1. Among the residues of the range 160-173, write down those that are open to solvent by 40 Å² or more (accessible area, probe 1.4 Å) and either modelled with pLDDT under 80 or farther than 13 Å from G92 by Cβ (or both).
2. Which one of these does A176 not meet: (1) in contact with a Leu (Cβ under 8 Å, 6 or more places away or on another chain); (2) of a type outside the set (D, E); (3) open to solvent by less than 50 Å² (accessible area, probe 1.4 Å); (4) closer than 16 Å to G77 by Cα?
3. Mind checking which pairs have a first residue in the range 62-74 that is at negative phi and a second that is part of a loop (DSSP other than H, G, I, E, B) and buried (at least 18 other Cβ atoms within 10 Å of the Cβ), Cβ under 8 Å, 6 or more apart or different chains?
4. Just checking, how many residues over the range 102-151 are over 17 Å from G167 (Cβ atoms) and either at pLDDT 80 or above or among the small types (G, A, S) (or both)?
5. Can you name the condition, by its number, that V73 falls short on among (1) assigned to a helix (DSSP H, G or I); (2) surrounded by fewer than 16 Cβ atoms within 10 Å (Cβ to Cβ)?
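The values are calculated or read from the model by the stated rules, or taken from the named source; none is laboratory data. The structure presented is a predicted model; accordingly, all values stated were derived computationally and were not measured. Neighbour counts are summed over all protein chains in view; Cβ atoms, including those assigned to glycine, are modelled from backbone coordinates with ideal geometry. Note: areas computed on protein heavy atoms with side chains; ligands, DNA, RNA excluded. Shrake-Rupley method; radii C 1.70, N 1.55, O 1.52, S 1.80 Å.
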Amino acid sequence: MKKNIKLKLWSFFWIFVVVFLFVALSYFVQTRLDFFEGLIVAGWVGMVIHVLLNVLAVVFAPITVLPLISLAVGLWGVGMAVFLTVLGWTLGSFIAFGLSRKFGVPIIRRFISLDELYTLEDKMKVGNTFWSVLLLRLIVPVDILSYALGLFSHISFWSYALATVIGILPFAFGFAYLGGVPYVYQAVLGLGFLIIVLVVLIFREVWGKKK
């Protein structure tokens, strides 16, 4: 029980860090965009770096580079930020899926937590069709799901690929749009989101003790 509480608190801490970094980077982008534009990251090299960082974030879970989306929006606009982010997430998910399906546990244990992976094993029993994978894409993080589908499901690569691209588009659009919102509103939304997450965690903990 104590271990479960510790994991929940650790998860909340990382969510807080991601939200804080997203808002903080948005603040600097919106108030000091000239600084970032003066760096090499404003050109095509920066676009390549952004894609590669998103690929690595998916392959080496649970690393996240979500805060960089606000930087991408400031540098290249919402449309390009969405395209580059989707490209990075998609390529990363393809690599994770391929590694998992071809090499299995001996390889993927070097990239992700097997304990977290096996918690999804039962869900993967339904992950053998385009529509089921599309649904899972909307509720399970890109990184861990890609490995789980490659290891536990029998879906074809092309069905997986199409469901993946469609499934991650809403998140890319959502985060890119949020990255263009004034940082004050982002801070308010982020605080509200953290409060909701904390309330849910507390409710689940109390409900679990009652049961």
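1. Once the filter is applied, which keeps residues that are open to solvent by 40 Å² or more (accessible area, probe 1.4 Å) and either modelled with pLDDT under 80 or farther than 13 Å from G92 by Cβ (or both), the range 160-173 yields L162, I166, L169, P170, F171, F173.
2. In the conditions (1) in contact with a Leu (Cβ under 8 Å, 6 or more places away or on another chain); (2) of a type outside the set (D, E); (3) open to solvent by less than 50 Å² (accessible area, probe 1.4 Å); (4) closer than 16 Å to G77 by Cα, A176 misses (1) alone.
3. Cβ pairs passing all conditions: P62/I112.
4. So the count comes out to 5.
5. (2)
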